[in-house]
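Here's a structure for you.
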Amino acid sequence: MKVTVTFGQIVVVVPCKHGWTVRDLIQQATQRYRKLLEQEGDFLVRTHHVEYCDGGILDPDDVLSDLLEDKDKVTTIVFLITPYSP
C-alpha cells in the first residue's frame, strides 16, 4: 500500500508495510520530509498529528490497513522550528 502524505505544499509518497500503525507512517513520512528540507537549511520538524484530507484525526496506535486504502491521502499538521543562530 502507498499513502500520499501532505506537509503544507510538499507532498511525499510513503510505501507502507503490512501491519504498520499510523505512528509508523508518521515516522517514515516525517523522515522523507526532513530530507527535502535539508536542502533549505536546518529545521526541527515535529509532527503534531495526521488527519484525513476531508477531516478526522488518525490515532497513532491504529493499524493503517484498518483505516486507509491504497493511494489514500492524508495531511499532517507539523511544527517547523528553525535553530537559533546569533
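Look at LYS35 and say whether it is more than 9 Å from the chain's Cα centre (by Cα), loosely packed, with under 11 Cβ neighbours inside 10 Å and of a type in the set (Lys, Arg).
Taking the combined requirement at face value, the residue satisfies it.
For GLY19, only one of the following conditions fails: (1) among the small types (Gly, Ala, Ser); (2) farther than 17 Å from THR75 by Cβ; (3) within 11 Å of the chain's Cα centre (by Cα). What is its number?
Against the list (1) among the small types (Gly, Ala, Ser); (2) farther than 17 Å from THR75 by Cβ; (3) within 11 Å of the chain's Cα centre (by Cα), GLY19 comes up short only on (3).
Exactly one of (1) modelled with pLDDT of 80 or more; (2) in contact with a strand residue (DSSP E or B) (Cβ under 8 Å, 6 or more places away or on another chain) is unmet by GLY56. Its number?
(2)
Separate question: Please indicate, with yes or no, whether at least one residue in the stretch 74-81 is modelled with pLDDT of 90 or more and surrounded by 10 or more Cβ atoms within 10 Å (Cβ to Cβ).
Looking for residues that are modelled with pLDDT of 90 or more and surrounded by 10 or more Cβ atoms within 10 Å (Cβ to Cβ), one finds at least one in the stretch 74-81, hence yes.
Could you go through the stretch 4-17 and let me know if any residue there is under 18 Å from LYS71 (Cβ atoms), not in a strand (DSSP E or B) and not hydroxyl-bearing (Ser, Thr, Tyr).
Yes, because at least one residue in the stretch 4-17 is under 18 Å from LYS71 (Cβ atoms), not in a strand (DSSP E or B) and not hydroxyl-bearing (Ser, Thr, Tyr).
The values are calculated or read from the model by the stated rules, or taken from the named source; none is laboratory data. For clarity, every value in this text was computed on a predicted model and none was experimentally measured. Note that we place each Cβ from the backbone using ideal geometry, even for glycine, and neighbour counts take in every protein chain shown.
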